[in-house]
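Peer 1: Could you have a look at this structure, given as structure tokens, before my questions?
The values are calculated or read from the model by the stated rules, or taken from the named source; none is laboratory data. Being a predicted model, the structure only gives us computed values, none of them experimental. FYI the Cβ positions are ideal-geometry reconstructions off the backbone, even for glycines, and counts take in every protein chain you see. All accessible areas refer to the heavy atoms of the entire protein, side chains included, with ligands and DNA or RNA removed. Shrake-Rupley method; radii C 1.70, N 1.55, O 1.52, S 1.80 Å.
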Amino acid sequence: MTEQSPPAGVGTQQTGFPHDSTALTAWLTALVRNREYGTLAELRRARVRTSAHIRAGWFGGDDHRDLFEQMAFLFAIYHQGHPTPSYGHGSLGAAARRIGDGTGRGPDNPGAQRLLDRVVASRRIPWRHLQHTVTRLRSCEQPPPSWTGLTEDLIQWHDRKARVAYQWSVEFHTPPGATRTRRTNR
């Protein structure tokens, strides 16, 4: 494995480095595109902090390093065995709407409904339930949420004005083709 430098502008001397969720998504999708399966496998090791996790954390800046490492884990879980990268689209609520099978999807699927209920009921970032959501999307062969958008939403998880969990719930229950209440093409 070759040693890589932090992204431009990131250094140990600098403080207050801002996060860059778009750059994280670009780096992660490049790993898939370039078939760097060893690095992706490292990212799937949740309990062990590897050099791949640390590189993902660089994109989080000073304030969101751990969150970016966790996002890289979720990305790697979704892309296990996928030869082409998926940037995803929409929010987690819109993505959860795609979970299901022939008997129903989203609100019409009791499993998808329970999973989203667990996600939005959590006061802390619900990493375990997010992992289950990503795994279910993968097993249903459905696209993930926008990785960049999901990262930004999780950064705002505790911001009462952002109301991330509420917005996800609204988007989960919004009928197809209805006007969305917020931008979902991040």
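Peer 1: Just the accessible area for L40, please: 1.4 Å probe, Å², rounded to the nearest 10?
Peer 2: Ignoring ligands and nucleic acids, L40 comes out at about 10 Å².
Peer 1: Please determine, in degrees from 0 to 90 and to the nearest 10, the orientation of helix 21-33 with respect to the longest principal axis defined by the Cα atoms of the chain, where the helix direction is its Cα long axis.
Peer 2: That helix lies at roughly 90 degrees to the long axis.
Peer 1: Still on this structure, I have one more. Cut-off 10 angstrom, C-alpha nodes, Gaussian network model of the chain. Which of V48, V32, V134 fluctuates the most?
Peer 2: V48
Peer 1: Another one. Could you check how much of the accessible area of the chain is carbon and sulfur, as a whole percent, using a 1.4 Å probe?
Peer 2: Carbon and sulfur: 48 percent of the exposed surface of the chain.
Peer 1: Output the Kirkwood hydrodynamic radius of the range 6-155, Cα pairs only, in Å rounded to one decimal.
Peer 2: That comes to 15.7 Å for the range 6-155.
Peer 1: Can I get the semi-axes of the range 75-186's equivalent ellipsoid? Compute them from the C-alpha gyration tensor as square roots of 5 times the eigenvalues, in angstrom, largest first.
Peer 2: Result for the range 75-186: semi-axes of 19, 17, 14 Å.
Peer 1: Follow-up. Taking the 0 to 90 degree range and rounding to the nearest ten, how far is the long axis of helix 164-173 tilted relative to the main principal axis of the chain, both from C-alpha atoms?
Peer 2: The answer is roughly 40 degrees.
Peer 1: Can you tell me the 0 to 90 degree angle between the C-alpha axis of helix 110-121 and the longest principal axis of the chain, rounded to 10?
Peer 2: Computed tilt is about 60 degrees.
Peer 1: What do you reckon, how do S91, S51 stack up by accessible area (1.4 Å probe), largest on top?
Peer 2: Ranked list, largest accessible area first: S51, S91.
Peer 1: Taking θ = phi - 60°, what integer Hz values does the Karplus form 6.51 cos²θ - 1.76 cosθ + 1.60 yield along the range 144-152, in sequence order, with x for Gly and Pro?
Peer 2: My calculation for the range 144-152 gives x, x, 4, 5, 5, x, 5, 4, 5 Hz in order.
Peer 1: What spacing in nm lies between the two simple spin-label points modelled at D108 and R47, each 7 Å away from Cα in the Cβ direction?
Peer 2: In this crude spin-label approximation the distance works out to 4.1 nm.
Peer 1: Springs between alpha-carbon pairs under 10 angstrom, Gaussian network model over the chain: which of D159, D117, D108 fluctuates most?
Peer 2: The residue with the greatest mean-square fluctuation here is D159.
Peer 1: Could you report the chain's accessible area per residue, 1.4 Å probe, as an integer in Å²?
Peer 2: Heavy-atom accessible area per residue stands at 54 Å².
Peer 1: Follow-up question, since we're still on this one. Could you calculate the contour length gain from D66 to A178, that is, 0.36 nm times the residue separation minus the distance between their Cα atoms, to one decimal place in nm?
Peer 2: Extra length from D66 to A178 when fully extended: 36.8 nm.
Peer 1: Same structure, new question: For D63, D20, write out the residues from largest to smallest accessible area, computed with a 1.4 angstrom probe and no ligands counted.
Peer 2: The residues order as D63, D20, largest area first.
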